[in-house]
Amino acid sequence: MLANVQEVMFSPKGDERGKLIAIESLSEQVPFEVKRVYYIFDTTPGTIRGNHAHKKLKQVLICVSGACTIVCEKPDGSKTEYRLDWPNRGLLIEGLVWHQMKDFSKDAVLIVLASEHYDEGDYIRDYVKYRRFCRELNCVTKE
Ligand code: T46
């Protein structure tokens, strides 16, 4: 089972009027068909969201306004923090990655492009179960 985290960059098209970023399914940055889009905003100061992993879901997270930090833990236990603070930076998360979102700025709007429709059965929300699941399955971590 795959677990992968990767920063992706979008190229803004700019002219004297401002900037525009276009995102397409099945592109280098979004290597899946987008079936769902959701966004997180108006976050209570100090709040921590996430704290779960997905079994199969692939997602790209983009903070289109403000900033927030995504903490990702792979099945091998390695942890990395990513500060998303610019609309041209995204984070691709695929499969069994335990993730947490924190340090939202007041104006943060975090948009998420997802490969599947909402399915609570795809979530692992218990950390002990997550670690057990990773041990039981032979997880593959892309470098
Ligand atoms: C993730 C991170 C980055 C729905 O009904 N439909 C949806 O598509 C989503 C995403 C959520 N919900 C419901 C489920 C809960 O009752 O909205 C409520 C809040 O969801 P949750 O507590 O899972 O939200 P976060 O911010 O902890 O996590 C979300 C996504 O759920 C998750 O897939 O990877 O953002």
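The values are calculated or read from the model by the stated rules, or taken from the named source; none is laboratory data. Just so we're clear, the structure is a prediction, and the values are computed from it rather than from any experiment. Note that we place each Cβ from the backbone using ideal geometry, even for glycine, and neighbour counts take in every protein chain shown. Protein only, heavy atoms only, side chains kept; ligands, DNA and RNA dropped before computing areas. Shrake-Rupley method; radii C 1.70, N 1.55, O 1.52, S 1.80 Å.
Here are a few things to note about the model shown:
- Test: residue in the range 18-37 that is within 18 Å of ASP126 (Cα to Cα) and modelled with pLDDT of 95 or more: no
- Flag if GLU28 is open to solvent by 90 Å² or more (accessible area, probe 1.4 Å) and within 13 Å of LEU113 (Cα to Cα): no
- Members of the range 110-132 found to be modelled with pLDDT of 95 or more, open to solvent by 40 Å² or more (accessible area, probe 1.4 Å) and more than 11 Å from the ligand (Cβ to nearest atom), listed by number: GLY121, ASP126, TYR127, VAL128, LYS129
- The lone criterion from (1) at pLDDT 95 or above; (2) farther than 23 Å from CYS134 by Cα; (3) in a strand (DSSP E or B) left unmet by LEU91 is number (2).
- Odd one out for VAL37, checked against (1) open to solvent by 30 Å² or more (accessible area, probe 1.4 Å); (2) more than 14 Å from the ligand (Cβ to nearest atom): (2)
- Residue in the range 102-109 that is in a strand (DSSP E or B) and surrounded by 21 or more Cβ atoms within 10 Å (Cβ to Cβ) present: no
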